[in-house]
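The values are calculated or read from the model by the stated rules, or taken from the named source; none is laboratory data. Being a predicted model, the structure only gives us computed values, none of them experimental. With ideal geometry, Cβ positions are generated from the backbone for all residues, glycine too; neighbour counts draw on all protein chains shown.
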Amino acid sequence: MKTAFCNFGRYQTRAAKGLAAVFVATAPFASVALAQSNFSSCGSLDNPYGPFDYRLQKSKLNIVEQYHFTPNVESLVSGKSSTFVGGDLDYTLRASPNHHRALMAMMRLGEKLKTPQPQGLSYSVECYFERALRFRSDDSIVRMLYATYLFKNNREPDAVRQLGLASESAGDNPFTHYNIGLIYLDLKKYDQALAQAHKAYGLGFTQAALREKLKSLGKWQESSDTPPNADNSGGSDSGQK
């Protein structure tokens with residue numbers, strides 16, 4: 001996928017820039033589902049430290065990122081506290097199953113090594129998405145990342161399903177609807193991309209790239225809810241901090 005996603009803001013690292021999809025952080029939801037620790041084929045969520053919600057409990061993850069999710073680990077150069085990069089990613093994602101940057105790095109690691117379960121990981125790459133969504137089913141960024149993974153693995157129907165669920169969880173966050181629209185565009189799901197564009201612009205989003213892409217394909221239709229003066233200046237990075 002070659003879509004240039006809305007800037008991930010100050011959480012975007014050099015490693016993240018190498019990804020095909022970079023997502024803007026969404027604001028936390030008022031009501032967050034409790035972690036489900038039931039065992040599945042992808043393991044229990046119970047962990048000696050955590051698990052912590054990446055969106056809401058970042059202060060709890062400072063020590064994890066200091067000793068496990070370092071820049072070298074995120075860029076897949078070398079492990080920190082483990083022999084393999086996968087070991088440190090596994091530790092990070094057990095402490096915070098929905099750690100967005102670690103999920104992106106883990107997805108890239110599987111692509112780099114061309115294996116569904118790189119050395120050091122306790123589970124398959126896909127299992128970490130299952131665990132993240134079992135932990136916080138309302139995390140739209142996780143669903144967008146999962147959709148990207150599914151699309152890259154030729155599972156378009158599953159990717160579309162995840163995008164639909166991400167849209168439901170997005171609420172009134174225009175950044176998320178915009179980014180979902182860009183993914184739909186890559187999937188050539190133009191009606192869905194248009195619907196997401198209308199939602200984003202109707203909520204006040206100003207970056208017009210999605211609209212212009214749809215126009216260039218002859219797929220754009222005006223909506224009475226879309227502000228007429230949306231431009232390319234882009235919205236402020238007012239997502240998750």
Tell me, please, whether a residue that is over 18 Å from the mean Cα position of the chain (by Cα) and small (Gly, Ala, Ser) can be found in segment 89-105. no
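For segment 115-122, indicate whether the set of residues that are outside any loop (DSSP other than H, G, I, E, B) and of a type in the set (A, V, I, L, M) is non-empty.
Taking segment 115-122 as the starting set, the residues that turn out to be outside any loop (DSSP other than H, G, I, E, B) are none.
Scanning segment 115-122, I find no residue that is outside any loop (DSSP other than H, G, I, E, B) and of a type in the set (A, V, I, L, M), so the answer is no.
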Of the conditions (1) crowded, with 24+ Cβ neighbours inside 10 Å; (2) modelled with pLDDT under 95; (3) not in a helix (DSSP H, G or I), residue 98 fails just one. Which one is it? (2)
What number of residues within segment 157-189 are surrounded by fewer than 17 Cβ atoms within 10 Å (Cβ to Cβ), in a helix (DSSP H, G or I) and either of a type in the set (S, T, N, Q) or over 17 Å from the mean Cα position of the chain (by Cα) (or both)? 1
Checking the structure you have, find out if any residue of segment 131-144 is polar (S, T, N, Q), out of contact with any Cys (no Cβ under 6 Å at 6 or more places or on another chain) and farther than 21 Å from residue 43 by Cβ. yes
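Residues 199, 219: which one is in a loop (DSSP other than H, G, I, E, B), at pLDDT 95 or above and surrounded by 15 or more Cβ atoms within 10 Å (Cβ to Cβ)?
Values: 199 fails: in a loop (DSSP other than H, G, I, E, B).
Going through 199, 219 in turn, just one is in a loop (DSSP other than H, G, I, E, B), at pLDDT 95 or above and surrounded by 15 or more Cβ atoms within 10 Å (Cβ to Cβ): 219.
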Just one of the numbered conditions (1) outside any loop (DSSP other than H, G, I, E, B); (2) farther than 16 Å from residue 130 by Cα; (3) at pLDDT 95 or above is not true of residue 59; which one? (3)
Six or more apart or on different chains, Cβ atoms under 7 Å: show the pairs whose first residue is in segment 158-173 and over 19 Å from residue 207 (Cβ atoms) and whose second is part of a loop (DSSP other than H, G, I, E, B) and among the aliphatic types (A, V, I, L, M). 159/187; 160/187
Where the second residue is assigned to a helix (DSSP H, G or I) and the first is among the aromatic types (Phe, Trp, Tyr) and lies in segment 107-132, which pairs have Cβ atoms under 6 Å and are six or more apart or on separate chains? 128/93; 128/106; 129/146
